Amino acid sequence: MKKDINYTEVIKETIEALKKGNVLVCSIDKKGKPNLMAIGWGCIGIVWGQPIFSIFIRPSRYTYNLIEQTDDFSVNIFDDKYKKVINWCGSVSGRDYDKFKETKLTPLKSKYIMSPIVKEGKINFECIVVAKVDINPEMLDNEIKERNYKSGDYHRVYLGKILICYKNFP
């Protein structure tokens, strides 16, 4: 059973999941087709006095276009037992695969946003985009640039206001 909770109750779990790569972002197109994308980079905290979840998406990713269409996304935190599914979602594009169908994960209608949350996620965040910031290569540390941006595909950072957070309880 999913229960609304204060996001501050799950910050530590969320950061640990990001470190492990146990996070899927869910977005949706204007026609209602949802998509999943694995992420390992993200930030949760307070910006402008609001609870914010920031995610980093490259313009080459299918998810980028979906978030640009809807200005919302969900962040879904998983246990280690979903690692294989998450890795698969990070290795193929939603342009080519229906990731919900292929993984047998279940999209659930969100309360406040168009993008669904994922039923199997142990923690879910519904977020609405309040700002978009493109990484400026001229302002980026050279070591980070060399390690992460050899192709020149710099991320857009989406700052999503956390509208609601859920946790799965048995």
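The values are calculated or read from the model by the stated rules, or taken from the named source; none is laboratory data. These figures come from a predicted structure and were not determined experimentally. Glycine also receives a Cβ, built like all others from the backbone with ideal geometry; neighbour counts cover every protein chain displayed.
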Condition met for Ser27 (more than 22 Å from Lys81 (Cα to Cα) and assigned to a loop (DSSP other than H, G, I, E, B)): no
Out of Phe78, Phe100, sole residue that is within 13 Å of Leu36 (Cβ to Cβ), in contact with a Pro (Cβ under 6 Å, 6 or more places away or on another chain), aromatic (Phe, Trp, Tyr) and at pLDDT 95 or above: Phe100
Residue match in the stretch 39-49 (condition: free of Cβ contacts under 8 Å to residues at least 12 places away in the same chain and under 20 Å from Lys101 (Cα atoms)): no
Yes/no for Thr70 being at pLDDT 95 or above, surrounded by fewer than 21 Cβ atoms within 10 Å (Cβ to Cβ) and under 27 Å from Met1 (Cα atoms): no
Options Asn65, Asn76, Asn35: the member that is surrounded by 13 or more Cβ atoms within 10 Å (Cβ to Cβ) and under 19 Å from Ile162 (Cβ atoms): Asn76
Members of the stretch 97-151 found to be within 19 Å of the chain's Cα centre (by Cα), assigned to a loop (DSSP other than H, G, I, E, B) and exposed (fewer than 10 other Cβ atoms within 10 Å of the Cβ), listed by number: Lys104, Lys109
